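Only one structure is covered here, and it is reproduced in the block below.
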Amino acid sequence: MFEGDCDLTAVVRDDDLRARLESARGKPGYGTMRDIIIQQQAERDAERLMTPVERRRVQTRKELQNEKFEEEDRHHIHSVLALCGLPYREPKDGAREFVREYGRNSLAVQAGFLKNPVTGKMDPQGLPCGPKARLLLLHICTMAVRQKSPQIEIADSMSAFIRDLGFPVTGGQKGTLTQFKEQLNRLAAARMQIGVWRGERSMTINSQPIRAFDVWLPRDADQRLLWSSELRLDQEFYESLREHALPVDIRALRAFSQSAKQIDIVLWLGYRMRKVERRYVITWEVLQEQFGAGVKRDRKFREMFADDIRAVQEVFPNLPVEISENGLVLKPSDPDKLFVTARKHKFITAG
């Protein structure tokens, strides 16, 4: 790459890389090592210019490429929740009902009430929404699958629960403690209807997924014991989860923890890509119905969706999808190369 080393002091600036360069000087293979170090410096420089979100995606890609998949990385979500996600954000009109459909699957969510332990009154809760509600549901479904029971053991404090999800624990009005508590309250109060249609046969599951759980946060946010360490799922929801659990590598989803839509795209692609046997195009009309909530102009949606796909491909550069004039092209792929892990639990049947 370089004829001589006169420019290396300006190119290689990090102390550890300079030390490696000096250690290799004069030894066999020095030229190759020099070029590798220069490339590493260039990658570091580029990463320093990235936003925190971009940096997280790069770090996740490296983790997925270089670190062995462990069984603890395997998480699960109900497949209907993967296809029909929760609202992306708080409804501007204060709506307390939300319906999303995809193909033969439907999800209807109603906001509910929780008993306030301070006032003794039933306080209305909003609709669960955003990335944190999705990650909470993922974690809860995962614990039920792992423990093979609707009565599940979870972390005994809000702080431990948030750490399990891969987030820093911060206090204050905008801290993660407050944000997760808010979404967990909403999930605990919400009622959900999951609809599955199989041609001449259909099934609707009416449930309140979280059947019992004390989720109120004490006034002292630093208090350790914030809730009961047990959570009970609705039995019908649990039985449906057993039949329709979708496995996913939690390391991948953490890369998109800032975006509800990107989480939905990853889960949706994970479900769809398992069954792709030939080149298949999903039209822009279908994509906009699925992911275009709040975006009125077709051109704007296409630009935003293309950006989201590029973000996903930053983490999964070999993902066999591409944007075309007609929509999103899915291509057959080796399941081992996808970001959704293969089923191994006998506890789970095909969804």
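Every number in this text was worked out from the coordinates using simple rules, so none of it is lab data. Everything quoted here is computed from the prediction, not taken from an experiment. So basically every Cβ, Gly included, is an ideal-geometry build from the backbone, and we count neighbours across all protein chains shown.
Some observations on this one:
- Given charges at beta-carbon only (K, R positive; D, E negative), |dipole| of the chain in Debye: 720 debye
- Sorting 113, 98 from the fewest to the most surrounding beta carbons within 10 angstrom yields 113, 98.
- Cα→Cβ-extended label distance, 7 Å offset, between residue 160 and residue 30, nm: 5.6 nm
- Cβ crowding within 10 Å, taken as a proxy for footprinting-reagent exposure, orders 178, 119, 283, 60 from fewest neighbours to most as 119, 283, 178, 60.
- Spatially proximal aspartates and glutamates relative to residue 148 (Cα-Cα < 20 Å; intrachain offsets below 8 disregarded): 70, 71, 72, 73, 156, 164, 230, 234, 236, 239, 243, 249
- Computed [θ] at 222 nm, deg cm²/dmol, the chain (DSSP H ≥ 4; -39,500 (n - 2.57); rounded to nearest 500): -13000 deg cm²/dmol
- Efficiency of FRET from Cβ geometry, residue 314 and residue 95, R₀ 35 Å, rounded to 0.05: 0.55
- Dipole of the chain, positive end: most advanced residue of 238, 207, 171 [Cβ charges, Cα centre]: 207
- Protection proxy ranking, highest mean first, for peptides 307-320, 19-32: 307-320, 19-32, where packing is the per-residue count of other beta-carbon atoms within 10 Å, averaged.
- Too-long pairs where the Cα-Cα distance tops 26 Å, listed order kept, from 174/261; 115/174; 261/331; 296/331: 296/331
- Each residue of the chain gets 193 Å³ once the volume of the Cα convex hull is shared out per residue.
- Between the beta carbons of residue 53 and residue 285, assuming R0 = 41 Å, the FRET efficiency works out to 0.90 to the nearest 0.05.
- Inter-label distance, nm, simple model (7 Å from Cα along the C-beta direction), residue 173/residue 300: 2.9 nm
- Annotation: lysines with alpha-carbon distance below 22 angstrom to residue 62 (same-chain offsets under eight excluded): 337.
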